[in-house]
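Inspection log for the structure reproduced underneath, given as structure tokens.
The values are calculated or read from the model by the stated rules, or taken from the named source; none is laboratory data. This structure is a prediction, so every number in the text was calculated from the model and none was measured. Ideal geometry is used to build each Cβ from the backbone, glycine not excepted, and the neighbour counts take in all protein chains shown.
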Amino acid sequence: MGALDGFRVVELGRGLCAATAAMRLGDAGADVVKVEPIGGDESRGWSASVSPGADDAPAFLAANRNKRAVAVDLGRPEGLAVVQRLVASADVLIEELGPGEAERLGLAGDRRDLVHCAITAFGDDGPWAMHPAGELVLQAAAEQPLSLGRPGEPPVRIGAEIAAVNTAVFAAQGVTAALFHRLRTGEGQRVAVSRLGTLLHLRGILWSAQSDPDDWGGFHLDSYTRPVDDGYRTADGRIYFALRRASSEDYDNLMITLGLLDHLADPRFANFGRDAAPMGRRANETREVWEEGFTRFRTDELVSLLLDAGGDAVPFLDHLELAEHPQIKALGLLVDVVRSDGSVGRDVAPAWRLSETPASIRRGAPFVGEHTDEVLGEAGYDPGGIDALRRAGIIG
């Protein structure tokens, strides 16, 4: 049994954000019912390799395990009535229909104990509240691209879907907190989460450092002009490193071993090399010096050398190298997930571990409408009523 075993979640989302939030609750044991249009969530087709009508786009599979799927035409009164009944028996509603839309449709209702999580792009209020926004729009609005790129060249986006996925984490956290409150008081509440607010949260540490920099320099203060971090070249690859714990003796021995003895007196390498290391104030100026020494060693040799010197060091890994790395395997961070048709896909395991109520992956991503009859039967529809809804095109 998971920590949220016994709670039912109804998800009304599109794409990744609400879907990922609901999946996190499902990982913790909640019974998640995903309500989709009869044609399915749009993310089912988010892949150039997926043919029209296919049901296995990687983005969909990655955000929709541990769910049952119901296909309903929400735009018709009969379909809306079906969804209203499903929500009436749920503990949690997660939706990203738009500000006030769930209330207008009568989905949030007057239930005192419902935890209603409303996910929006720009929030419920303000001049941008009703603006639609995808990942790129939100990153631009929250100035995320200004910290990535090369000086003098146009900024670039962050490759990961950070607005969607991180907002999902906050939404799941907010829902869990609201459920804890409900267990104590019996009262539900509305949990409002905006993707804009999430991205500003991610900028908060940088802005805090810039607000009172004093005489400190480094990554958080030069992020608007700092080149993109793509590692430091070695004889056979790239690494990233830091010298946070290196003592004076450690640093001297490191520079001698690297063949950089002439730079021990270089003022750019002050503070036992920390000013010249990544995130140091002189990092941009000293990359070529470090690489002069680093390229004399293989990546694995250099990582060991830096660790022995009291530093931090990791190789820059590509996707395939990371997937096969023994650290990933030791933690079980990649798992095989089986769908109901027997097909198997690799997925990322939940990041958290609970000793007494562990997360679990009980089912793979559902097919469109796979559990419609099952879920509607639990909601009180008899087989004849379900068949009538299907013949009328209300459910799929």
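Side notes on the structure shown:
- Entry remark, segment 362-380: residues being surrounded by 16 or more Cβ atoms within 10 Å (Cβ to Cβ) and free of Cβ contacts under 8 Å to residues at least 12 places away in the same chain number 0 in total.
- Between R296, R287, R244, R274, the distinction of being basic (K, R) and in contact with an Asp or Glu (Cβ under 7 Å, 6 or more places away or on another chain) belongs to R244 only.
- Test for D236: is it in a helix (DSSP H, G or I) and over 22 Å from S147 (Cα atoms): no
- Check on A209, modelled with pLDDT under 90 and outside any loop (DSSP other than H, G, I, E, B): yes
- Exactly one residue among R85, R44, R76, R65 is farther than 29 Å from A177 by Cβ and at pLDDT 90 or above, and that residue is R76.
- Out of V33, V82, one residue alone is farther than 19 Å from G174 by Cβ, under 26 Å from the mean Cα position of the chain (by Cα), crowded, with 22+ Cβ neighbours inside 10 Å and of a type outside the set (D, E, K, R). It is V33.
- Condition met for D336 (under 26 Å from A19 (Cβ atoms), acidic (D, E) and not in a helix (DSSP H, G or I)): yes
- Of E153, E143, all but one fail to be more than 30 Å from V9 (Cβ to Cβ), assigned by TED's automatic domain parsing to the domain that holds G15, surrounded by 15 or more Cβ atoms within 10 Å (Cβ to Cβ) and of a type outside the set (G, A, S); the exception is E143.
- Leading residue by the ranking (surrounded by the most Cβ atoms within 10 Å (Cβ to Cβ)) among those in segment 333-361 that are hydroxyl-bearing (S, T, Y) and more than 17 Å from D31 (Cβ to Cβ): S343
- Taken over segment 148-161, residues that are touching a residue at least 60 places away in the same chain (Cβ under 8 Å) and out of contact with any helix residue (DSSP H, G or I) (no Cβ under 7 Å at 6 or more places or on another chain) amount to 4.
- Summed over segment 162-208, the residues that are among the charged types (D, E, K, R) and free of Cβ contacts under 8 Å to residues at least 12 places away in the same chain give a count of 1.
- Test: residue in segment 181-189 that is in the same structural domain as Q139 (by TED's automatic domain parsing), buried (at least 18 other Cβ atoms within 10 Å of the Cβ) and among the β-branched types (V, I, T): no
- Elements of type strands (runs of 3 or more DSSP E) in segment 22-134, at least 2 residues being in the same structural domain as T176 (by TED's automatic domain parsing) and β-branched (V, I, T): 31-36, 92-95, 115-120
- Qualifying residues in segment 110-159 (those that are under 24 Å from E42 (Cβ atoms) and among the polar types (S, T, N, Q)) - the one modelled with the highest pLDDT: T120
- Filter result for R296 (touching a helix residue (DSSP H, G or I) at 6+ places or on another chain (Cβ under 9 Å), in a loop (DSSP other than H, G, I, E, B) and touching a residue at least 40 places away in the same chain (Cβ under 8 Å)): yes
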